[in-house]
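S.K.: Below is a structure I'd like to ask you about.
The values are calculated or read from the model by the stated rules, or taken from the named source; none is laboratory data. As the structure is a prediction and not an experimental result, all values here were calculated from the model. So basically every Cβ, Gly included, is an ideal-geometry build from the backbone, and we count neighbours across all protein chains shown.
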Amino acid sequence: MSIPYIAAIRAAQERLLRENPKVFVYGQDVGSFGGAFKATKGLAELFPGRVLDAPISEDAMVGLAIGAAIEGLRPIVEMQFADFSSVGLNQILNQAATLYWRTGVSCPITVRLPSGGTEGSGPFHSQSMEALYSHYPGLVVVAPATVEDAYSLLLESVALDDPVIFYEHKFLYYHLKTDALPESNLPLGKARITRSGLHATVVAYSAMVHEALSAADTLHDEGYEIEVVDLRSVKPIDTDTILASVARTGRLLCVGEAFPWGGVTAEVVSRVAGEGLNLLDCPPLRLNAKDTPIPFHPNLWRTHRPTAESISHRLRELLSL
Amino acid sequence: MSIPYIAAIRAAQERLLRENPKVFVYGQDVGSFGGAFKATKGLAELFPGRVLDAPISEDAMVGLAIGAAIEGLRPIVEMQFADFSSVGLNQILNQAATLYWRTGVSCPITVRLPSGGTEGSGPFHSQSMEALYSHYPGLVVVAPATVEDAYSLLLESVALDDPVIFYEHKFLYYHLKTDALPESNLPLGKARITRSGLHATVVAYSAMVHEALSAADTLHDEGYEIEVVDLRSVKPIDTDTILASVARTGRLLCVGEAFPWGGVTAEVVSRVAGEGLNLLDCPPLRLNAKDTPIPFHPNLWRTHRPTAESISHRLRELLSL
Amino acid sequence: MPPAPEPERPRAAYRAMLLARALDDHVARLYRAGGQIVGGVYLSRGQEAFSAALGITLQPNDIYGPLIRDTAGRLAFGQPVLDFSRTYVGSSLGPMRGRDGNVHHGRPKEGIPAMISHLGSLVSVVCGMLFARRFQGITGCVGATCIGEGGTSTGAFHEALNLAAVERLPLVVAVANNQYAYSTHQSRQFHCRNLADRAVGYGMSGHEVNAVSLMDSLETFQRAVDAARAGEGPQLVVGALLRLAGHGEHDDASYVDPVLRASPLGRDCLTVAREELLAAGLAGESELDGWTQAARAEAEQVFLQAQREPAPDPRSETWQAISSQHLCEFPHS
Amino acid sequence: MPPAPEPERPRAAYRAMLLARALDDHVARLYRAGGQIVGGVYLSRGQEAFSAALGITLQPNDIYGPLIRDTAGRLAFGQPVLDFSRTYVGSSLGPMRGRDGNVHHGRPKEGIPAMISHLGSLVSVVCGMLFARRFQGITGCVGATCIGEGGTSTGAFHEALNLAAVERLPLVVAVANNQYAYSTHQSRQFHCRNLADRAVGYGMSGHEVNAVSLMDSLETFQRAVDAARAGEGPQLVVGALLRLAGHGEHDDASYVDPVLRASPLGRDCLTVAREELLAAGLAGESELDGWTQAARAEAEQVFLQAQREPAPDPRSETWQAISSQHLCEFPHS
Ligand SMILES: Cc1ncc(C[n+]2csc(CCOP(=O)(O)OP(=O)(O)O)c2C)c(N)n1
Ligand SMILES: Cc1ncc(C[n+]2csc(CCOP(=O)(O)OP(=O)(O)O)c2C)c(N)n1
Ligand SMILES: [Mg+2]
Ligand SMILES: [Mg+2]
């Protein structure tokens, strides 16, 4: 187990830079420093002039990428933290995401968002912004939960002719490891049944997949087989795979690390209710973070976001309905 | 019928300025010009130094309002169009909406967003951004559908100690009129049963309430009584009123003018599925705008957003389930 | 269009100005007639000289990112006239196919990005196009874009100028200071002597010009574009003029100070340019009259044509915001 | 010649510097020991003179919006020392009650807004506080805030400076140019000679100062604060220094140019300030040693106290982001 999630992201970028002369990486401190999380370590030296430090100008960073994409390049923009993309959001939602529809010119940019909570990171270095980017038309929003997916989905994202938001999870950067990077993988747009089960389906994505798997272990000891669906991309959402799973289990819990109003869990639950009501043996449940900013102190943070424990708790509730 | 929706907004601001010396209005062209939509017409003359033109700096406009609120003022910020709040969004989501939770100091700012589609306004003068603002913790998001509500909800918004996003609909500005402004009204946070019915519930807000009412007229002629619930605020959502209505009708259609991924309709449907599954006689349906930018040409625009016709169509589908 | 030879430059620029004015007059007439133009109408009136001078100074392989009052610049740069009428009427054959309208049009693959409404956000896109050219070894290109004095207050504008300076991009930013941003006088928009004073703070060159004069504008832009092309980094050109119309045609602009209107700034740049051409012996009265007539005829013709073209049909519209069809959701939403 | 600073100012500023350094040293030790500080640790090292000089120059009813490396300025302005340790350890008794941490703290109702991470976004908030004071007829106040040279590249910074100039607010913006933004050298951040050259483009006054010197910093800030208070509008003060630590304590700053470290810019401002105080006869060796000891003891004490205080308890946490309880949703989410 030698390849962590962050190394897969670095490896995908190295491969992209090597194989496609149109790829470049732009972001704060991504050059010789290798990025705040070392996702571009060594790449500036390997590919001179193609891995470039940006000023602290998220709006202009995205704007530059869009212009470069118009001219045929394949920019990868690294936000230092997802949270700071809020000041680049206008270029993403209104410029990048509208370009193809308005002009017929596609906009193949990939914006990497180091996302999600870790201990002690607080309100502005922990956010999950997929709900904002998925709501607006014109973007593909990817959220890998595994090292293999981080690698192959990043390759696919940059190959795609459309703008992609790449939600990569900081908690998984070093925690999650694998032995080898995949040669092939499920395509972007397909969800994965990570664990199959009988009694209930948990739909999750990114770091929450692992919390869900660990909850499934707990519930297994209590005599329940929980199916875990890893969405892999949240726009599009692979509704067919979800419905097929719910058809098998009759019970649905959707788990997300984002804030509770709207977002992926609301979209998933409302699709299942709309398209698969008859498959449900009981009300579909959701579990999200709490409706406050993300707390700094670990005591609070551990309660703020869903965990294996709170998912287990909610699953028991679901199974008792 | 002499008081249009926009005049109610103006009247509320006049009253607020008159009754509370801490209120001021800040926005592009709101001064002697009276605002792009005349929501502040004459107010700069009536209240010298309290209705001020801002530079084209949405981020700083919101920042200024937050600072003023910290010092005890009650700022009303007018965005010229909701769409441009995307470049003020960071101050709204990360500064205003986190202030109370982080510091215990409340942030009584009201940000008025002239929202929603009108003919020929195109992708950047038509947006409905409530899903973005509701997703993040710390904001109240209000969406009046009537002249009376525009008036009383704006009064309440500015009186509230928390930051409020005031989603006012440009299509209603001049189309919708009433005879007199209300002395009292349902409080913020409560939905209204605008039309009572038996066979299905339509949950809507802002301009879509009127499309829903007109669809209900059509369906009435076809022998169905449709109940229409006007949310009035989308954060919070008055789930109790919705559930009570669905308990009566057994059928739910949720209609929004925003984009189809996530948003109010997903949140409402997933709440009803989660808390009122047994009340439903058939799958709950949604109707949103299409998943593209909002088109300029009226031919396209009329198809892009939900209308009385498409709501009627969807209702017939719902009633046949 | 090959670069215009020296005596031809002011002549070509003036013809672009005339055509822009004729198009504006025509669309304003249609708007006032009612029912023929949906949505807003934004005129270039007063900005034609400044705009055309930049457009004509660029070369065909350059990049030009026009804004709301740049019809003259677009025409001078070589954008087809029909794009203007087709976008206003929303023709399905226009570059925006009715999806976007009025002054929001462009041909990104031909060096003309299509502005979005958010002021300031175009500048970094032009930076990116220039960056991409250099990245791919394409040299000798200049990229130009325009913005009003009001748009300089946006964060996006600042970030892009600074980025252009750091990257030493061959960018020319034309700021049309027409004294007002909608109703807001420049005194509520910025507080420096002249916006060209911002150049030093970015480490770029600043130029001030009387934008009511075509000849002055031509000369200044030639200097700025040459400098950018010569590798001297980004150039900031600030023109002084007056908007000779409402913000849009819905606006009577009654807030404009009559003193300004009566000042040299308030002179019509078309009148001034005509005088300049005559004085320089670059054209004669009857030739100029002929151009004016031709421009009016062409403006009328392109609107007639666009209005006859099919409107977009919602049933044949794809309703897909991305090009990867297999990833599109909500097929029947 | 400006008036010599009265004797107590440099002495008080230096004591704030010493205490800030002692707090930094202590928190760095706790961080390296592991397990005692969660999350990042951001030190003021190298910026103490510049920061303290501003803090001490303000008056109690002024507004001070500090950023990440302003511990010295906070202390000089009068913020309680315990706020620092309590926020780092997340004490439930601290101003942020464990909800926010490390350098994100403040007391908005006492004129110290609590920064969010997004660089540049604090400046307009300070503008708003000043605006509100003037609006309510409170005169004679100054508002100051600090930012790194990297933060000047944000759109938010530009918008706020411009707004302050338009509104003629008594704002002092201190830019600490410590040569790097994280690993990024200033040459990739801006391209002008000195960021003070931006002042003219806003119509405000610009000041440059050697921020390694406490005396120079004191003198410059006195001039800037006086000018702001006298109604001369916003002031931009740009200090040159070097960050004498990593960006955070996780960063070894190996990218910092050794030539810079060896240059006068790389001198420790505490050493310089001590020399300055001695040379000016404002304090003697043994008094200064006593202050240093006292600072270390106080730093240790406030951490000991904060670490003994109760951590936040998720069960008693309200989990409500707004103050209007009746409008809170998701009570048990
Ligand atoms: C970010 C942003 N905020 C607000 C607007 C609304 N708006 C459109 S044009 C305009 C005035 C523009 O003034 P200026 O930049 O001086 O250009 P001019 O119209 O004078 O040519 C405003 C405020 C916008 N387009 N973008
Ligand atoms: C808008 C935004 N983008 C990115 C960051 C991440 N970030 C935090 S500190 C920092 C470097 C800041 O450099 P500078 O402003 O020079 O201050 P210094 O750390 O040198 O004191 C960056 C990029 C941020 N906080 N805000
Ligand atoms: Mg203007
Ligand atoms: Mg720095």
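S.K.: Might you check whether a residue that is touching a residue at least 24 places away in the same chain (Cβ under 8 Å), away from ligand 2 (no atom under 16 Å from the Cβ), of a type in the set (Val, Ile, Thr) and under 19 Å from D:ASP62 (Cα atoms) occurs anywhere in segment D:174-181?
M.R.: No, the conditions are met nowhere in segment D:174-181.
S.K.: Considering only segment A:1-75, give the helices (runs of 4 or more DSSP H) lying wholly within it that have at least 2 residues that are within 7 Å of another protein chain (Cβ to nearest Cβ) and touching an Asp or Glu at 6+ places or on another chain (Cβ under 9 Å).
M.R.: The qualifying helices (runs of 4 or more DSSP H) are A:58-70.
S.K.: Suppose we filter segment A:122-135 for residues that are touching a His at 6+ places or on another chain (Cβ under 8 Å), more than 14 Å from chain D (Cβ to nearest Cβ) and assigned to a loop (DSSP other than H, G, I, E, B); how many remain?
M.R.: 0
S.K.: OK, next. Just one of the numbered conditions (1) away from ligand 2 (no atom under 16 Å from the Cβ); (2) more than 21 Å from the chain's Cα centre (by Cα) is not true of D:ARG188; which one?
M.R.: So D:ARG188 meets the others, but not (1).
S.K.: Look through A:ALA54, A:ALA131 and report the one residue that is without any contact (Cβ under 8 Å) to a residue 60 or more places away in the chain and not polar (S, T, N, Q).
M.R.: Every option except A:ALA54 fails the conditions.
S.K.: Might you let me know whether segment B:92-100 holds any residue that is in a loop (DSSP other than H, G, I, E, B), more than 7 Å from every other protein chain (Cβ to nearest Cβ) and in contact (Cβ under 8 Å) with a residue 40 or more places away in the chain?
M.R.: No, segment B:92-100 has no match at all.
S.K.: Pull out all pairs, ordered by first then second residue, where Cβ-Cβ is under 6 Å, the residues are six or more apart or on different chains, the first lies in segment C:183-198 and is over 15 Å from C:THR154 (Cα atoms) and touching a residue at least 24 places away in the same chain (Cβ under 8 Å), and the second is away from ligand 2 (no atom under 16 Å from the Cβ) and among the small types (Gly, Ala, Ser).
M.R.: These pairs meet every condition: C:ALA196/C:GLY206.
S.K.: On to the next question. Among the basic types (Lys, Arg) and not in a strand (DSSP E or B) - does that describe any residue in segment A:175-184?
M.R.: Taking every residue of segment A:175-184 in turn, none turns out to be among the basic types (Lys, Arg) and not in a strand (DSSP E or B).
S.K.: Say whether the condition of being at pLDDT 95 or above, within 16 Å of ligand 3 (Cβ to nearest atom), within 20 Å of A:ALA96 (Cβ to Cβ) and buried (at least 24 other Cβ atoms within 10 Å of the Cβ) is met by at least one residue in segment C:136-145.
M.R.: Scanning segment C:136-145, I find at least one residue that is at pLDDT 95 or above, within 16 Å of ligand 3 (Cβ to nearest atom), within 20 Å of A:ALA96 (Cβ to Cβ) and buried (at least 24 other Cβ atoms within 10 Å of the Cβ), so the answer is yes.
S.K.: Continuing with the same structure: Look through D:PRO258, D:PRO310 and report the one residue that is surrounded by fewer than 13 Cβ atoms within 10 Å (Cβ to Cβ), of a type outside the set (Ser, Thr, Tyr) and within 14 Å of chain A (Cβ to nearest Cβ).
M.R.: D:PRO310
S.K.: Within the group C:GLY281, C:GLY290, which residue is at positive phi and surrounded by fewer than 18 Cβ atoms within 10 Å (Cβ to Cβ)?
M.R.: So the residue among C:GLY281, C:GLY290 that is at positive phi and surrounded by fewer than 18 Cβ atoms within 10 Å (Cβ to Cβ) is C:GLY281.
S.K.: Looking only at segment A:266-300, count how many residues are more than 9 Å from chain D (Cβ to nearest Cβ), crowded, with 23+ Cβ neighbours inside 10 Å and out of contact with any helix residue (DSSP H, G or I) (no Cβ under 7 Å at 6 or more places or on another chain).
M.R.: Selection size over segment A:266-300: 0.
S.K.: Return only the number of the condition from (1) touching a helix residue (DSSP H, G or I) at 6+ places or on another chain (Cβ under 6 Å); (2) more than 16 Å from ligand 2 (Cβ to nearest atom) that D:ASP216 does not satisfy.
M.R.: Failed condition: (1).
S.K.: Sticking with this structure for a sec: Could you list, in sequence order, the residues of segment C:132-169 that are touching a Leu at 6+ places or on another chain (Cβ under 6 Å) and within 16 Å of ligand 2 (Cβ to nearest atom)?
M.R.: Answer for segment C:132-169, where residues must be touching a Leu at 6+ places or on another chain (Cβ under 6 Å) and within 16 Å of ligand 2 (Cβ to nearest atom): just C:THR154.
S.K.: Right, next: Could you list all residues from segment C:197-229 that are out of contact with any Phe, Trp or Tyr (no Cβ under 9 Å at 6 or more places or on another chain), within 14 Å of chain D (Cβ to nearest Cβ) and not acidic (Asp, Glu)?
M.R.: C:ALA199, C:VAL200, C:MET204, C:SER205, C:GLY206
S.K.: Look at D:VAL166 and say whether it is at the interface with another protein chain (Cβ under 8 Å from one of its Cβ atoms) and within 16 Å of ligand 3 (Cβ to nearest atom).
M.R.: Taking the combined requirement at face value, the residue satisfies it.
S.K.: I'd like the full set of residues that are within 13 Å of ligand 3 (Cβ to nearest atom) and not polar (S, T, N, Q), limited to segment C:169-200.
M.R.: Within segment C:169-200, C:ALA174, C:VAL175, C:ALA176, C:TYR180, C:ALA181, C:TYR182, C:HIS185, C:ARG188, C:PHE190, C:LEU195 qualify.
S.K.: Condition first: facing another protein chain (nearest Cβ under 7 Å) and either part of a loop (DSSP other than H, G, I, E, B) or within 16 Å of ligand 4 (Cβ to nearest atom) (or both). Now tell me which residues in segment C:108-156 satisfy that.
M.R.: Once the filter is applied, which keeps residues that are facing another protein chain (nearest Cβ under 7 Å) and either part of a loop (DSSP other than H, G, I, E, B) or within 16 Å of ligand 4 (Cβ to nearest atom) (or both), segment C:108-156 yields C:PRO113, C:ALA114, C:ILE116, C:SER117, C:HIS118, C:LEU119, C:THR154.
S.K.: Would you point out which residue out of B:GLY197, B:GLY138, B:GLY223 is modelled with pLDDT of 95 or more, assigned to a loop (DSSP other than H, G, I, E, B) and in contact with a strand residue (DSSP E or B) (Cβ under 7 Å, 6 or more places away or on another chain)?
M.R.: B:GLY197
S.K.: Going by what's in this entry, would A:ALA54 be described as closer than 27 Å to A:HIS175 by Cβ, at pLDDT 95 or above and within 16 Å of ligand 4 (Cβ to nearest atom)?
M.R.: No: the conditions fail for A:ALA54.
S.K.: Among the residues of segment B:228-259, write down those that are in a loop (DSSP other than H, G, I, E, B) and within 20 Å of B:ALA145 (Cα to Cα).
M.R.: B:LEU231, B:ARG232, B:PRO236, B:ILE237, B:ASP238, B:GLY256, B:GLU257, B:ALA258, B:PHE259
S.K.: Hey, another quick one. Inspect all residues belonging to segment B:168-180 and state whether any of them is at pLDDT 95 or above, aromatic (Phe, Trp, Tyr) and farther than 30 Å from A:ILE294 by Cα.
M.R.: Yes: segment B:168-180 contains one or more residues that are at pLDDT 95 or above, aromatic (Phe, Trp, Tyr) and farther than 30 Å from A:ILE294 by Cα.
S.K.: Right, here's the next one. Does A:ARG112 satisfy being at pLDDT 95 or above, of a type in the set (Lys, Arg) and over 30 Å from D:VAL103 (Cα atoms)?
M.R.: It is false that A:ARG112 is at pLDDT 95 or above, of a type in the set (Lys, Arg) and over 30 Å from D:VAL103 (Cα atoms).
S.K.: Tell me whether segment D:309-330 contains one or more residues that are part of a helix (DSSP H, G or I), under 27 Å from A:PRO295 (Cβ atoms) and within 27 Å of the chain's Cα centre (by Cα).
M.R.: no
S.K.: Does B:THR303 qualify as being assigned to a loop (DSSP other than H, G, I, E, B), closer than 30 Å to C:GLN36 by Cα and either within 19 Å of the chain's Cα centre (by Cα) or within 10 Å of chain C (Cβ to nearest Cβ) (or both)?
M.R.: So B:THR303 does not fit the description; no.
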